[in-house]
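Peer 1: Take a look at this one; I'll ask things after.
The values are calculated or read from the model by the stated rules, or taken from the named source; none is laboratory data. These numbers were taken from a predicted model, which means no experiment stands behind them. Don't worry about glycine lacking a Cβ; one is built from the backbone with ideal geometry, like all the others, and counts go over all protein chains shown. Quick note on the areas: whole protein, heavy atoms, side chains included, nothing else; ligands and nucleic acids left out. Shrake-Rupley method; radii C 1.70, N 1.55, O 1.52, S 1.80 Å.
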Amino acid sequence: QVQLVESGGGLVQPGGSLRLSCVASRSIFDIYYMGWYRQAPGKQRELVATINNGDRTNYADSVKGRFTISRDNAKNTMYLQMNSLKPEDTAVYYCNTKISSRTYWGQGTQVTVSS
């Protein structure tokens, strides 16, 4: 079992950057999969990026080249560095993991990209 807490969201102008953090309540050293999802108003939740414990990453086409996912096992933390932000990146961002076939979600952090 694990609890996930996201932080780092906020209001940023187009072209700006934010770094999201997801802190886990237990060691993530042995957690194979972790990911970031987002949900915009009126839309379904969508995958943003994933990372495994071998640091293999996967990105949605819409964020490739702009976002970078990473994890620091020593700090029980996963990150999402978001650069060149666009208004269409506005959403609630959630971190996610799966342990023993059970899925866990954080409470989400709001990212708003607007001038």
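Peer 1: Which residues make up the longest stretch of the chain clear of chymotrypsin sites (Phe, Trp or Tyr not before Pro) that lie in a DSSP loop with no more than 12 other Cβ atoms within 10 Å, not counting the sites? If you can, show how the numbers build up before the last one.
Peer 2: Details: sites that count: Phe29, Tyr32.
The segment 33-115 is the longest one with no such site.
Peer 1: For segment 1-29 and segment 54-82, what is the separation of their Cα centres, given in Å?
Peer 2: Segment 1-29 and segment 54-82 have Cα centres separated by 11 Å.
Peer 1: A follow-up question, please. Are there trypsin sites (Lys or Arg not before Pro) in segment 20-115 that DSSP marks as loop and that have at most 14 other Cβ atoms within 10 Å, and which are they? Write down the numbers at each step before the final one.
Peer 2: Details: sites: Arg26, Arg38, Lys43, Arg45, Arg56, Lys64, Arg66, Arg71, Lys75, Lys98, Arg102; in loops: Arg26, Lys43, Arg45, Arg56, Lys64, Arg66.
Those satisfying the criteria are Arg26, Lys43, Arg56, Lys64.
Peer 1: Follow-up question, since we're still on this one. Lysines near Lys43 by alpha-carbon distance under 18 Å, same-chain residues fewer than 8 away left out - which ones?
Peer 2: Lys86
Peer 1: Straight-line reach from Lys64: which aspartates and glutamates have Cα under 15 Å away, leaving out those fewer than 8 places along the same chain?
Peer 2: Glu46, Glu88, Asp89
Peer 1: Please compute the per residue accessible area over segment 15-56 with all protein chains in place, 1.4 Å probe, rounded to a whole number of Å². Intermediate results must be reported in sequence, preceding the final value.
Peer 2: On the way: 2390 Å² over 42 residues.
On a per-residue basis, 57 Å².
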